[in-house]
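Notes for the one structure printed next.
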Amino acid sequence: MSANLNRVHATFEGEAIEAETGASVAAALISSDRVAWRTTRDGAQRGLFCGIGVCFDCLVEIDGESGQRACMIPLQEGMRVCDNGTRASRTAVDADTEEAAQ
Amino acid sequence: MTHTSDVLIIGAGIIGCATAYYAARSGLSVTVIERDLPASGTTSHCEGNILVSDKELGHELELTRYSLGLWQGELAEFGHLWEFERKGGIIVASRETSLASLERFSASQREYGIHSQRLDEAELRELEPHITGNALGAALYPEDSQVQPILAASHLLRLAREHGAQLVTHAPVTELLRDGDRVIGARTPKGDFHAAHTVNATGPWAGTIGELAGVNVPVMPRRGFVLVTEQLPPMVHHKVYAAEYVDNVGSGDAGLQASPVVEGTPAGTILIGSSRERVGFDSTISTEALGRIARNAVELFPFLSRVRMLRHYHGFRPFCPDHLPVIGHDPRAPGLWHAAGHEGAGIGLGPGTGKLLAQALAGETPDMSLDPFRPERFDDPAYLKAHE
Amino acid sequence: MTALRATGQAPMFDVAVVGAGPAGLAAAGEAAASGARVVVIDSSEQPGGQFWRHRSEAAGVVDGGELHHGWRDYLELRRAFDAGIAAGTILYLPSTSVWMAQRDTANFTLRLVPAHGGGRSDTPTVHASALVLATGGYDRQLPVPGWQLPGVMAAGGIQAFGKQNGMLPGKRFVIAGTGPFLLSVAAGIAHQGGTVAAVLESSNLMGWLPRAHRAAGVPAKALEGVEYTAAMLKHRIAYRPRTVITEILGQDRVTGVRTARVRSDGTVVAGSEREIGGIDTVGLGWGFTPQMELPVQLGAGTRQDVDGSLVAIVDEDQRSTVSGLFIAGELTGVGGAALAVLEGRVAGRAAAFEATGPGAGAAVAPRATSAESRAIARQRSFANAMHLAHPVPAGWQQLLRDDTIVCRCEEVPAGALRESRESMAGEDLRTQKGQNRAGMGWCQGRVCGFAVSCMSGGADPLSNEVETSLAQSAKRPVAQPLPLGALADLD
């Protein structure tokens with residue numbers, strides 16, 4: 001069976017990123033020359049560390065869902081990946097708005 | 001090995017540490033013996049509440065006022081060490097019946113000087129933008145405060161040691177030493193500790209120390225779970241409870257009781273309680289309790305539905321049958337004092353208990369009478385009958 | 001066994017296996033072959049665990065196993081696994097984590113959460129009569145100044161990234177720490193076109209000499225060793241024993257490292273300091289930490305292994321101290337994939353018998369065969385020799401400055417831990433955690449747990465104090481983050 005090595009296209013903070021089919025979100029970020037994509041509470045930059053989903057350093061927000069481990073998740077076509085910190089409160093507000101609308 | 005001091009304190013939780021602080025500062029020689037490490041009991045398994053909002057008129061309220069005065073007054077210079085925050089508490093009512101109860105309750109509290117401010121829906125939403133859409137109204141208690149309890153106990157102990165107090169860790173008490181009737185100290189695997197005054201500050205285990213002295217100290221554990229979330233930007237700005245919480249605190253029911261208590265912390269995590277159940281010292285995790293706490297919290301703050309819990313813990317509140325602590329000298333075992341049984345208010349009442357006890361230990365008249373908290377009250381049939 | 005229906009009742013299995021790495025695959029296959037109905041829960045998208053992590057099958061990438069050892073063994077285990085799924089004797093739940101395991105008198109209850117996404121599992125709960133835990137391990141870490149810079153990774157993380165994505169996370173690497181695994185990582189990087197400036201090994205390798213016979217007992221390991229040596233020579237990768245990183249350099253990301261030689265007591269040899277520049281990625285690895293929270297949640301007995309890791313106590317049939325609970329792989333002692341497979345087989349068979357009793361193909365409880373027992377013993381002997389030859393360097397704490405981050409999640413510096421220990425009776429991990437938040441972040445102490453245990457408990461990693469702290473660190477009532485909404489929905 002021949003490998004299906006199409007590229008998968010997505011965005012990080014609105015900018016285009018891509019990876020081979022099956023590669024992780026982290027791989028796409030690394031391929032886009034990013035080595036860090038998260039800011040800690042004290043203002044430090046973090047990207048990959050343990051690579052296997054144990055350390056939670058690589059967290060991103062994907063399609064509105066915060067706290068996603070970039071190293072573990074295959075990049076899907078059209079994913080909107082964001083910095084995990086910036087939209088957390090917006091995500092929560094979205095949930096409130098949904099709730100109120102019900 | 002024998003060690004002698006004026007005061008021997010058994011237990012380095014918030015009560016023991018506060019007592020050590022005040023006793024050492026007043027010039028008494030103090031030794032604290034702890035079976036594990038400081039704050040390893042209930043103190044490290046609670047939320048750090050300093051509340052007036054859940055108190056009714058009575059001795060506990062008096063002690064609360066006194067103790068809060070210390071947190072805010074003479075201990076204020078250390079407040080940054082233990083993240084003291086006068087954040088205020090808000091009791092939220094989402095049903096007409098509980099709103100009416102809340103209004104009655106807060107009105108009566110105002111009569112005995114517990115300040116609260118009625119909030120209508122709009123005012124509530126301004127203070128807590130993420131509160132449930134079902135909220136009808138609330139009461140704001142500006143004096144409700146918060147500390148990080150492990151830091152509070154640990155720093156009070158450190159300050160006590162700077163005033164000469166000694167700490168011996170990993171030293172469980174195996175027996176109390178007697179001279180006739182008198183309790184003159186305690187034996188541990190790390191040696192014998194003699195003192196003119198021995199203080200039982202062992203929280204939910206106070207009854208066991210009482211047994212060693214042959215006296216009834218009916219402190220029982222009441223288990224509570226706390227959920228801890230991921231770090232978030234500030235979403236909850238006060239301690240927020242549902243109006244049902246107040247009824248829970250005073251209830252003697254053995255079954256699981258749960259009602260929401262939600263608050264943010266300086267670290268960014270949100271602490272979520274609360275539950276109460278009488279299961280002895282059982283540490284088996286109750287998914288029922290966890291689920292109820294989560295449901296209650298999400299009802300109060302819908303955004304929490306998508307917020308992740310990273311861990312949970314549970315603690316054993318030490319409670320007495322009449323929901324008042326035991327504080328003071330035990331005439332049934334001279335030389336033995338107790339300072340335990342503060343139920344869910346141990347952190348708030350810690351400094352007050354410590355200072356009053358230190359005063360009594362030094363032979364002074366305490367700022368407040370300790371008579372309502374006398375340990376021997378449970379042996380008095382008249383008292384028991386009056387408090388059925 | 002048909003697909004799960006939404007009956008509102010949690011499905012019940014004979015055997016649940018947590019982990020689909022070498023041990024889990026072996027256990028599941030044996031359990032199914034013994035006639036048990038098996039559920040396998042694993043947090044990855046596809047089987048293989050860490051050791052056999054490979055390119056995405058869902059994307060249609062066929063991994064030829066060039067980066068792997070024992071690939072044929074994997075393929076064989078995988079065939080049996082897939083056959084079990086097709087036959088309906090194995091239900092496979094990938095991308096799923098167990099956040100809580102409970103045992104009551106009747107059976108085990110596993111509470112599940114999706115490994116990523118919105119956080120509500122289609123199958124939030126499963127029950128099983130017997131349970132096999134095979135959750136493996138992850139790189140063990142020691143902090144060093146600068147290790148929080150972007151571009152610093154776990155050595156195993158670099159290898160995992162390469163195996164999973166077919167690309168490297170950087171271009172020019174330094175790999176440091178201790179253990180033969182560093183060579184495996186370096187060889188893999190070179191194979192994928194990266195440059196390894198040096199492999200820094202803290203031990204002096206003399207520790208192998210008294211135990212060389214144990215290495216001889218496992219010829220496959222010797223072959224592996226030869227392979228790595230060949231790769232190192234071919235790619236001219238410098239291998240420096242008795243050398244550690246003393247500081248990782250860079251502003252916004254790694255640019256270089258400072259190194260020094262160390263004596264066997266861990267003290268730095270003055271004048272031996274060097275600098276390696278032009279680096280963009282550093283891989284750090286000090287052995288492995290078994291992922292212990294589920295055994296600990298269930299109350300399984302634990303002990304400290306020769307490498308200092310907290311591991312589960314098991315008998316020759318992989319039976320833990322908890323009735324019906326079997327444990328296999330790294331959880332019983334870090335020892336590699338071949339050992340994990342052997343243990344997994346024994347555990348799977350024993351668990352199936354435990355669940356289904358006599359009549360399901362075996363009259364009496366199956367024991368490990370003498371061949372299996374001997375193989376397990378040889379592998380364990382080798383693993384122990386390796387651990388003893390590659391200890392955590394004694395002086396590692398002295399390299400830490402007061403501002404060196406120890407807990408990455410909560411950014412707690414060494415100075416705070418030292419202060420807790422010196423003036424606030426912070427003599428165990430739990431007390432330290434309560435005072436300075438080390439271990440309170442997302443990873444709940446997985447990465448910093450060993451370091452904090454050593455810093456609270458005293459210098460000797462094999463002391464009772466450190467073991468106590470390791471046990472405290474492994475106590476995680478929530479094994480994976482869980483949205484409160486999912487908890488609220490729990491029956």
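Tell me whether the protein assembly as shown comes out rounded, prolate or oblate; compute the Cα gyration tensor, take square roots of the eigenvalues as a ≥ b ≥ c, and use a/c under 1.5 as the rounded threshold.
On the way: a/c = 1.73, a/b = 1.54, b/c = 1.12.
Cα axes put the protein assembly as shown in the prolate bin.
Highest first, please rank the peptides C:117-129, B:188-200, C:264-276, C:280-292 by the mean number of other Cβ atoms sitting within 10 Å of their residues. Present the calculation step by step, with values, prior to reporting the outcome.
Numbers: C:117-129: 18.4, B:188-200: 21.2, C:264-276: 12.9, C:280-292: 25.4.
In descending order of packing, they fall as C:280-292, B:188-200, C:117-129, C:264-276.
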Problem set entry | Electrostatic dipole magnitude of the range B:134-272 [Cβ: Lys, Arg +1; Asp, Glu -1; Cα centre; debye, to 20] | 420 debye
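Counting only DSSP beta bridges with both residues in the range C:145-300, tell me the antiparallel percent, nearest 5.
Values: 10 of 28 bridges.
About 35 percent, rounded to the nearest 5.
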For this session: Excluding residues fewer than 8 places away in the same chain, name every one of the lysines whose C-alpha is closer than 23 Å to that of C:Lys171.
Result: C:Lys163, C:Lys234
Problem set entry | Among B:Tyr383, B:His312, B:Ala160 the positive-end extreme of the charge dipole of chain B (Cβ point charges) | B:His312
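So what is the relative contact order of chain C, in percent, for Cα pairs below 8 Å that sit 6 or more residues apart? Could you put the intermediate results ahead of the total?
Details: 1097 pairs, mean separation 88.5, N = 491.
Contact order relative to length: 18 percent.
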For this session: Using the charge dipole of the protein assembly as shown (Lys, Arg: +1 at Cβ; Asp, Glu: -1 at Cβ; taken about the Cα centre), state which of B:Thr353, B:Ser145, B:Ala196 has its Cα farthest towards the positive end.
Result: B:Ala196
Problem set entry | Under 16 Å from B:Lys55, Cα to Cα: aspartates and glutamates that are on another chain or at least 8 residues apart | B:Glu103, B:Glu111, B:Glu143, B:Asp144, B:Glu244, B:Asp247, B:Asp322, B:Glu343
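Classify the range C:274-385 from the C-alpha gyration tensor, please: rounded if a/c falls under 1.5, else prolate or oblate depending on whether a/b exceeds b/c.
Prolate, because a/c is 1.5 or more and a/b exceeds b/c.
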For this session: Would you tell me the mean number of C-beta atoms belonging to other protein chains that fall within 10 Å of each C-beta in B:279-291, as a whole number?
Result: 3
For this session: Sort the range C:134-190 into rounded, prolate or oblate with this rule: let a ≥ b ≥ c be the square roots of the eigenvalues of the Cα gyration tensor; rounded if a/c is under 1.5, and if a/c is not under 1.5, prolate when a/b is larger than b/c, oblate otherwise.
Result: rounded
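With n ≥ 4 as the cut-off for DSSP H runs, can you work out [θ] at 222 nm for chain C, using -39500 (n - 2.57) per run divided by the number of residues, rounded to the nearest 500? The partial results should precede the final answer.
Working: 14 runs with 159 residues, N = 491.
Computed ellipticity for chain C at 222 nm equals -10000 deg cm²/dmol.
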Exercise. Taking the Cα centre of each part, how many Å lie between the range B:293-355 and the range C:261-319?
Worked result: 39 Å
For this session: Answer with one residue from C:His54, C:Phe13, C:Ala83: the one whose Cα lies farthest towards the positive end of the charge dipole of the range C:1-95, charges on Cβ with Lys, Arg +1 and Asp, Glu -1.
Result: C:Phe13
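Counting partner chain Cβ atoms within 10 Å of every residue's Cβ in A:16-22, what's the average? Kindly include the intermediate steps, with their values, before the conclusion.
Numbers: counts 0, 0, 0, 3, 7, 6, 12.
Rounded to a whole number, the mean comes out at 4.
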Problem set entry | Unpartnered cysteines - no second Cys beta carbon under 4.7 Å - across chain C | C:Cys409, C:Cys443, C:Cys454
Problem set entry | Helix axis angle, C:22-33 relative to chain C longest principal axis, alpha carbon, degrees | 10 degrees
Exercise. Can you give me the relative contact order of the range B:15-110 as a percent, contacts being Cα pairs under 8 Å and 6 or more apart?
Worked result: 16 percent
Seminar exercise, completed: Reduced to Cα centres, the span from the range A:22-91 to the range C:13-75 in Å works out to 26 Å
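Could you please report the charge total around B:Leu336, scoring K, R as +1 and D, E as -1 over all other residues with beta-carbon less than 9 angstrom from its beta-carbon? Present the calculation step by step, with values, prior to reporting the outcome.
Values: positive: B:Arg182, B:Arg332; negative: B:Asp330.
That sum, taken over residues with Cβ under 9 Å, equals +1.
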Exercise. Mind listing the phi-derived Karplus ³J(HN,Hα) values for the range C:334-343, rounded to whole Hz, using 6.51, -1.76 and 1.60 with θ = phi - 60°, and x for any glycine or proline?
Worked result: 4, x, x, 6, 4, 5, 4, 5, 4, 5
Problem set entry | All lysines inside 16 Å of B:Lys87 as judged from Cα atoms, apart from same-chain residues fewer than 8 positions distant | B:Lys239
Problem set entry | Order by protection proxy (mean Cβ within 10 Å, highest first), peptides C:100-113, B:95-108 | C:100-113, B:95-108
For this session: Could you work out the relative contact order of the range B:162-264, using alpha carbon pairs under 8 angstrom and six or more residues apart, expressed as a whole percent?
Result: 15 percent
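Please state, rounded to one decimal and in Å, the Kirkwood hydrodynamic radius that the range C:14-158 gives when every pair of distinct Cα atoms enters the mean of 1/r.
Working: mean 1/r = 0.0604 Å⁻¹.
Taking the inverse mean of 1/r over all distinct Cα pairs, the range C:14-158 comes out at 16.6 Å.
Counting other beta carbons within 10 Å of each residue's own, what order do B:Thr2, B:Thr19, C:Thr302 fall into, fewest first? Don't skip to the end; give the middle numbers.
Details: B:Thr2 10, B:Thr19 32, C:Thr302 22.
Taking fewest neighbouring Cβ atoms as first place, the list is B:Thr2, C:Thr302, B:Thr19.
Can you give the charge dipole size of the protein assembly as shown about its Cα centre, rounded to the nearest 20 debye, using +1 on the beta carbon of Lys and Arg and -1 on the beta carbon of Asp and Glu? Write down the numbers at each step before the final one.
Details: 86 positive and 108 negative charges, 619 e Å.
It works out to roughly 2980 debye.
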Exercise. What 222 nm value per residue comes from the helices of chain B, counting each DSSP H run with n ≥ 4 as -39,500 (n - 2.57) and dividing by all residues, nearest 500 deg cm²/dmol?
Worked result: -9000 deg cm²/dmol
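Computed from the coordinates by the stated procedures, all read-outs in this text should not be read as laboratory data. These numbers were taken from a predicted model, which means no experiment stands behind them. Because the Cβ atoms are built from the backbone with ideal geometry, glycine has one as well, and the counts that use them run over all protein chains shown.
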